[in-house]
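Note sheet for the following structure.
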Amino acid sequence: MVTWINALSKTRNRLQDALRRVFSRGDSPEGVSFEELEESLIQADVPPRMSAGLIQDLEKSYKGLRVDRRDMLRKMLADRLQGPSPFKWEKRSEPLVILVVGVNGSGKTTTCAKLAHLAEKEGASALLGAADTFRAAGSDQLKLWADRLGCDVVGGKQGADAAAVAFDALDAAVARSKDVLIVDTAGRMHTREPLMRELQKTRSALGKRLPGAPHETWIVLDATLGQNAVLQASVFHEAVPLTGVIVAKLDGSAKAGFLFSIARDLGVPIRFAGLGEGPDDLVPFDADAFAGALLNVETNGAGG
Ligand code: GDP
């Protein structure tokens with residue numbers, strides 16, 4: 001299992017030199033290169049205005065306060081990412097329906113399988129719905145993962161109507177008394193309008209089968225894209241209101257600072273993070289562990 005500290009090494013490398021210089025100066029502000037730290041934060045895709053604000057606050061701390069400044073910066077970063085309390089997987093009388101969206105290649109299919117695995121580890125029975133009927137290998141890939149993890153999956157053939165597949169999957173989830181249904185969807189970005197229409201149709205098909213469904217709509221973002229991932233998310237958010245973000249491939253990204261834009265600009269909570277390719281490498285998002293790993297400060301959650 002990949003740790004937060006390991007997963008964030010690429011982004012941390014962008015900050016390391018500047019951090020070392022700022023924090024090795026003891027109490028003296030003389031010659032401390034705050035600008036360099038601000039630059040590095042921006043290079044790691046922390047939004048420029050937020051980087052400037054953080055540096056201002058940090059500079060102020062040099063005047064008088066005797067505090068551990070690395071820890072202070074860690075808290076400042078974590079505060080800006082705090083979201084609602086962690087998502088709870090529960091036993092339910094009717095399935096909780098989670099629609100998972102995102103562009104191809106973001107890590108969506110793998111993430112769906114990992115989510116089902118996570119739900120089952122927490123004691124909630126899960127069913128996967130393979131509604132990515134556009135790609136030839138879309139549902140095959142999900143089935144392979146489901147087999148590997150021992151999860152149930154239902155899905156249509158290539159070219160089948162995605163909304164109908166989602167409806168049938170929910171039917172099966174109800175019939176089998178599953179606690180959670182996780183619906184994987186198509187993500188071909190080059191045909192954006194039809195895709196958004198298909199997602200809306202899928203959404204309403206789920207609502208027809210079970211009023212209130214989908215209860216959650218989560219987008220999977222590829223963390224290696226940095227700020228561009230936020231743009232993608234806003235396009236989806238206009239078409240299908242998002243209730244959560246899952247950041248995949250954090251371990252491959254040197255631009256994890258874009259998470260601050262999600263929290264601030266998109267206003268949608270970050271629910272889970274993909275820290276690696278293994279089935280157990282999808283973990284609940286933990287702002288303290290994330291900020292600690294960025295600065296190489298151990299927190300309770302940062303190790304695991
Ligand atoms: P989809 O096209 O969006 O359904 O993407 P896939 O689920 O097929 O994933 C694309 C690639 O990203 C695969 O090689 C996955 O193993 C990889 N991937 C997904 N999540 C993560 C992650 O958190 N870390 C790493 N390193 N790779 C990931």
With Ala52 itself left out, Lys, Arg at +1 and Asp, Glu at -1 over residues whose Cβ is under 14 Å from its Cβ give -2
For His237, His117, the accessible-area ranking with a 1.4 Å probe, largest leading, is His237, His117
Non-local residues with an amide H under 5 Å from the amide H of Asp280, with H modelled 1.01 Å from N and Pro and chain starts lacking one, are none
With Glu94 itself left out, Lys, Arg at +1 and Asp, Glu at -1 over residues whose Cβ is under 15 Å from its Cβ give +2
Can you give me the angle between helix 9-23 and the longest principal axis of the chain, using Cα atoms only, in degrees from 0 to 90, rounded to the nearest 10?
20 degrees
For the chain, take the longest principal axis of its alpha carbons; what is the angle in degrees between that and the long axis of helix 34-43, to the nearest 10 within 0 to 90?
20 degrees
Would you calculate the convex hull of the Cα atoms in the range 61-191 and tell me its volume per residue in Å³?
155 Å³
Built amide H within the under 5 Å cut-off of Ile270, gap 5+
Val245
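Within the set Lys91/Lys143; Lys88/Lys121; Lys201/Lys249; Lys114/Lys143, which residue pairs have Cα atoms separated by over 22 Å?
Lys91/Lys143; Lys201/Lys249
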How large is ³J(HN,Hα), in whole Hz, for each residue of the range 48-60 in order, when computed from phi with the Karplus curve 6.51 cos²θ - 1.76 cosθ + 1.60 and θ = phi - 60°, using x for Gly and Pro?
x, 5, 5, 4, 4, x, 4, 5, 4, 4, 5, 4, 4
Using only the alpha-carbon atoms, how far is helix 138-149 inclined from the longest principal axis of the chain? Give it as 0 to 90 degrees, nearest 10.
80 degrees
Say R0 is 22 Å: what FRET efficiency, to the nearest 0.05, do Asp265 and Arg20 get from their beta-carbon distance?
0.15
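Find out how many positive minus negative residues lie around Ala130, taking Lys and Arg as positive, Asp and Glu as negative, among other residues whose Cβ is under 14 Å from that of Ala130.
-3
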Binned Cα-Cα distance frequencies in the chain - 20 Å width, integer %:
34, 50, 15, 1
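How much of the DSSP beta bridge set in the chain is antiparallel, as a percent to the nearest 5?
10 percent
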Rounded to 5, the percent of DSSP beta bridges in the range 203-304 classed as antiparallel:
25 percent
Fully extended contour minus Cα-Cα distance, from Ser93 to Glu39, at 0.36 nm per residue:
14.3 nm
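The values are calculated or read from the model by the stated rules, or taken from the named source; none is laboratory data. These numbers come from a predicted model, not from an experiment. Every residue, glycine as well, gets a Cβ built from its backbone with ideal geometry; the counts of neighbours run over all protein chains shown. Just the protein is used for accessible areas: all its heavy atoms, side chains included, with ligands, DNA and RNA removed. Shrake-Rupley method; radii C 1.70, N 1.55, O 1.52, S 1.80 Å.
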